[in-house]
1. So what is the calculated 222 nm ellipticity per residue for the chain, using -39500 (n - 2.57) for each DSSP H run with n of 4 or more, over all residues, to the nearest 500 deg cm²/dmol?
2. Compute the long axis of helix 3-19 from its Cα atoms, compare it with the longest principal axis of the Cα atoms of the chain, and write down the angle in degrees, 0 to 90, nearest 10.
3. With axes computed from alpha carbons, what is the tilt in degrees of helix 58-92 against the longest principal axis of the chain, rounded to the nearest 10 within 0 to 90?
4. Can you tell me the alpha carbon radius of gyration of segment 36-111 divided by the globular rule-of-thumb value 2.2 N^0.38 Å?
5. Based on the Kirkwood radius over alpha-carbon pairs, what value in µm²/s does the Stokes-Einstein equation return for the translational diffusion coefficient of the chain at 20 °C and 1.002 mPa s?
6. Any idea how far apart Glu12 and Phe30 come out in nm if each label point goes 7 Å out from Cα toward Cβ?
7. Given R₀ = 35 Å, FRET efficiency for Leu164-Ala45 by Cβ-Cβ distance, to 0.05?
8. What accessible area per residue comes out for the chain, rounded to a whole number of Å², with a 1.4 Å probe?
Amino acid sequence: MTFVESLTHLAEPWATAYDNSKLLMNGVMFSHIGGFLVAGGLALAADRSVFRASTADASVRRVHVAELNAVHAPVLIGLIVAFASGLLLFLADVSTFATSPVFWIKMGFLALLLGNGAALRKLGHRLATEDVSDRAWQALRRSAAASSLLWFVAVLTGVMLVNL
């Protein structure tokens with residue numbers, strides 16, 4: 001028995017419950033989309049603010065950095081909800097998702113998104129405590145641009161998964 005077959009077998013009770021309950025289907029999908037909406041919406045708004053603040057004076061930048069550093073927690077909460085519900089979606093149809101290149105591409109982009117989020121967080125803390133140079137702000141702008149792109153790619157690949 002392959003790993004995918006074993007995982008499919010282990011997940012069978014959940015997959016059956018999921019398939020037989022519109023309430024579960026809707027609740028899990030809502031949690032997944034809602035988690036992405038919260039996390040992505042806040043992240044995109046923060047990215048936009050980075051672009052605006054990068055051309056402002058030092059006092060505006062300080063306020064923005066404080067806001068940027070404060071938004072990481074709710075973005076992470078949204079991602080945790082999206083991840084947990086995504087795991088439930090995966091377990092509802094292991095054989096489809098585990099063998100789908102689109103699924104693994106989405107997971108790769110999510111890994112890039114998380115890595116970029118960690119870099120954004122590190123840059124935000126650096127800007128709040130020590131380095132307020134234009135070079136640091138340029139790095140923050142690049143990271144914000146990557147964040148915006150990665151959020152849209154994550155949504156695109158998610159839409160593609162729905163149509164498998």
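The values are calculated or read from the model by the stated rules, or taken from the named source; none is laboratory data. In this text, all values refer to a predicted model and were calculated from it rather than measured experimentally. Here Cβ is always computed from backbone atoms with ideal geometry, including for glycine, and neighbour counts include all displayed protein chains. We work out accessible area using only protein heavy atoms, side chains counted, and drop any ligands, DNA or RNA first. Shrake-Rupley method; radii C 1.70, N 1.55, O 1.52, S 1.80 Å.
1. Details: 6 runs with 147 residues, N = 164.
The per-residue figure over the chain is -31500 deg cm²/dmol.
2. Relative to the chain, helix 3-19 is tipped by roughly 90 degrees.
3. 10
4. So the Cα radius of gyration is 1.47 times the expected 2.2 N^0.38 Å.
5. It diffuses with D of about 124 µm²/s by this estimate.
6. Distance between the two pseudo-spin positions: 3.1 nm.
7. Numbers: r = 31 Å, r/R0 = 0.88.
Once the sixth-power term is evaluated, E becomes 0.70.
8. Per residue, the chain has an accessible area of 59 Å².
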